[in-house]
Amino acid sequence: MSEDIDVVVIGAGQAGLATSHELGLRGIEHVVLEATTVGSSWLGRWDSFTLVGPNHTVRLPGAAYTGDDPGGYLTRAEIAGHLQAYAGRLGRVREGVPVRRLGRREAGGYELATDGETIHSRVVVLATGAYQRPLRPAAVAGLSADVLCVDVLGYRNPGSLPDGPVLVVGSGQSACQIAEELVLSGREVVMACGRAPWFLRRVGGRDVFEWLIDSSFYEQTPEQLASPAARHGANLQASGAGGGHDLHYRTLAGLGVRLMGHLLDVDGHRARFAPDLPEVIAAGDAGFRFVCDSVAAVCRRDGFAVPEILEPAALDTTAPTELDLRGFGAVVVAVGFRSRYTEWVDVPGLVDAQGFPVHADGESLVAPDLHFVGVHFLRRRRSSLLFGVGDDAAATASRITARLRLRT
């Protein structure tokens, strides 16, 4: 069985729903295909997961946050509920329709193979999310089978892990939040650290996200980065748990987390770490100072006094380079995500060496009428975020509308 649809959006997360909203405003008939259920990717995070940005930064077109706690942080269930209500108003989503394969048709357009039918479409928007596949680094490949190894999507809560100490591998928001939760539950926690920026949760009565949104930080384009690989850099260390609070290497060390350099490899129960903890901490502190400068620049521009920000306290950066993992309950890996487009999209040259789409303003350079929305750093740093994806969705919807009208 086959069906012809002019425009198909694949994925009903914030990117797909924002694109649907913008296409609807322009009178473009379309459907949104969701592999499981709306909000499932958020519900798949660990039990205590919350947004890191304040609720008022949920600025999806037609679905901005309007609740009574703009400075709070939505839980995973609340985020999913918000998206489900959004999808219900749009009325374009078909749930439980995974696209198994997407390929080009000789006659033009695209063929989408689903479990129930084949769909032919003139235009396709890939909105399958910025976080598609948790990265499992080669460094943990040699871990003994008697030590559980889970990635960030496999972790649920401290009680879900076997008894014993836990090694957390990673440096960004997820790694820090999981390490904090584990140590507060009474677990012994060792952390293999990477280079991630950090800052205080609030300065001058404002959330760090408010300062950064008011600066040019989230307007940064891929071309302004030091290298293409920098798109994979860790996000600012912070937490929205418990009403939002400071969370970084110093707070973790203060709770008793043992900080190590980055993980080199594991041979059975023997884990080796680089002797680079001083450089790791210095890199994070450089990020701290960058945000300090951004705050000061906003204040000078807007005529406000620059708030006092104390220099970070000294941190002991001595650490061993080997660790015996016998007796450890688990290793939790939270080192970021990678795309999985090439697993199901049959278009040669679709992505670059880093797995990011090869595109111009969101449209594939190798496959006309194939668009991307919700990709990290697609157009700007904010392209995949709840306060930034709407602009990309609007740009893509406008391009699709203009193209379709030229053909009629």
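Okay, residues lined up against (1) assigned by TED's automatic domain parsing to the domain that holds LEU43; (2) modelled with pLDDT of 95 or more; (3) under 22 Å from ALA234 (Cβ atoms):
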site	(1), (2), (3)
ARG89	yes, yes, no
VAL97	yes, yes, no
ALA107	yes, no, no
ALA113	yes, yes, no
TYR155	no, yes, yes
SER160	no, yes, no
LEU167	no, yes, yes
VAL183	no, yes, yes
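Between a residue in region 246-259 that is modelled with pLDDT under 95 and any residue that is surrounded by fewer than 19 Cβ atoms within 10 Å (Cβ to Cβ) and not in a helix (DSSP H, G or I), which pairs come within a Cβ distance under 8 Å, given they are 6 or more apart or on different chains?
Filtered contacts from region 246-259: no entries.
Give me the residue from region 63-88 that is of a type outside the set (A, V, I, L, M) and assigned to a helix (DSSP H, G or I) and, out of that set, farthest from the chain's Cα centre (by Cα).
Per the criteria, the residue is GLY88.
Confirm whether ASP68 is without any contact (Cβ under 8 Å) to a residue 24 or more places away in the chain and acidic (Asp, Glu).
Considered against the rule, which asks whether it is without any contact (Cβ under 8 Å) to a residue 24 or more places away in the chain and acidic (Asp, Glu), ASP68 comes out as yes.
Looking at ALA192, ALA226, ALA141, ALA145 in this structure, which one is at pLDDT below 95 and farther than 25 Å from THR57 by Cβ?
ALA226
Applying the selection to region 151-170, what residues are over 22 Å from HIS269 (Cα atoms) and either crowded, with 19+ Cβ neighbours inside 10 Å or free of Cβ contacts under 8 Å to residues at least 40 places away in the same chain (or both)?
GLY159
Check LEU404 against each of (1) surrounded by 14 or more Cβ atoms within 10 Å (Cβ to Cβ); (2) closer than 20 Å to GLU223 by Cβ; (3) not aromatic (Phe, Trp, Tyr) and name the one condition it does not meet.
(2)
So, in region 1-41, exactly how many residues are touching a strand residue (DSSP E or B) at 6+ places or on another chain (Cβ under 9 Å), closer than 30 Å to GLN177 by Cβ and either not assigned by TED's automatic domain parsing to the domain that holds PHE387 or not acidic (Asp, Glu) (or both)?
15
Looking at (1) touching a residue at least 40 places away in the same chain (Cβ under 8 Å); (2) surrounded by fewer than 18 Cβ atoms within 10 Å (Cβ to Cβ); (3) not in a strand (DSSP E or B), which is the one condition that is false for ARG101?
That leaves (3) as the condition not met.
For LEU277, all conditions in the list (1) more than 26 Å from the chain's Cα centre (by Cα); (2) at pLDDT 95 or above hold save one; what is the number of the exception?
Result: LEU277 passes all but (1).
Any residue that is assigned to a helix (DSSP H, G or I) and touching an Asp or Glu at 6+ places or on another chain (Cβ under 8 Å) - is there at least one of those in region 2-15?
So far as region 2-15 goes, yes, one or more of its residues are assigned to a helix (DSSP H, G or I) and touching an Asp or Glu at 6+ places or on another chain (Cβ under 8 Å).
Check whether at least one residue in region 140-151 is closer than 30 Å to PHE377 by Cβ and not in a strand (DSSP E or B), and report yes or no.
yes
The values are calculated or read from the model by the stated rules, or taken from the named source; none is laboratory data. These numbers come from a predicted model, not from an experiment. Every residue, glycine among them, receives a Cβ derived from its backbone with ideal geometry; neighbour counts consider all protein chains shown.
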